[in-house]
Amino acid sequence: MGLKHKRKRQHGTTTTMALVIILVLVLLLIWSEFISGPNRVKEQIYAQRIEKIIKQNKNIQGLSEHVFDYITYQGYDDTTLYWYNAKAELITSRDIETLNYKKAKRIAKKNYNIKCDSIALGYGYNNPVYEIRGSNKLILLDYDSFERVYEREIR
């Protein structure tokens, strides 16, 4: 009697393609849940906060988000600068005439050797600030006193 060899059944191209498709679908599901899902939630929260601020101040413009010690929002109208917290509640305001980017840039250069590449308004630990980036550094200068609130190197 001869030995019978059982031939092992091999899976074909159809099975391999089906497994590849399942793998791609699983990866897409993971991506949508763990990457884009939280981003959509963040965008929705941002939009709700901006909408709430605009309801409080219909003339506000130039709204921007600033993240330092916590999230704040800055904006202005014809006469006033405004800072809001993450609950869209007014933290503080300043007369727009007090805005002095030139002085903030000059102090950053003279006192801290930082040549300004960009300047924006933000909020430090307890007060509004000028956020200046340049010379591979970030510095926050107090809006009213122009004193350094924070400084670090950036790359």
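The values are calculated or read from the model by the stated rules, or taken from the named source; none is laboratory data. No experiment lies behind these values; they were computed from the predicted model shown. Cβ sites come from the backbone with ideal geometry, for glycine too, and all protein chains shown count toward neighbours. Each accessible area value is taken on the protein alone, full model and side chains, heavy atoms only, with ligands, DNA and RNA left out. Shrake-Rupley method; radii C 1.70, N 1.55, O 1.52, S 1.80 Å.
How many Å² of accessible area per residue for the range 10-56, probe 1.4 Å? That works out to 88 Å² per residue. Relative to the longest principal axis of the Cα atoms of the chain, helix 37-56 runs at roughly 30 degrees.
What does the charge dipole of the range 10-56 about its Cα centre add up to, to the nearest 20 debye, if the Cβ of each Lys and Arg holds +1 and the Cβ of each Asp and Glu holds -1?
Here the range 10-56 has a charge dipole of around 320 debye.
3J(HN,Hα) along the range 128-139, derived from phi through the Karplus expression 6.51 cos²θ - 1.76 cosθ + 1.60 where θ = phi - 60°, amounts to x, 9, 8, 9, 10, 10, x, 6, 6, 9, 10, 9 Hz, with x in place of Gly and Pro.
Name the longest site-free stretch of the chain, where the excluded sites are chymotrypsin sites (Phe, Trp or Tyr not before Pro) in a DSSP loop with no more than 15 other beta-carbon atoms within 10 Å. Excluding the exposed sites themselves, the longest stretch runs over 1-69. Positive end of the charge dipole of the chain (Lys, Arg +1 and Asp, Glu -1 on Cβ, about the Cα centre): tell me which of I45, I21, T80 has its Cα farthest that way. Of I45, I21, T80, it is I21. For the chain, the relative contact order comes to 11 percent (Cα pairs under 8 Å, sequence separation of at least 6). One decimal place: the segment V20-K103 gains 23.8 nm when fully extended, by the rule 0.36 nm per residue minus the C-alpha distance.
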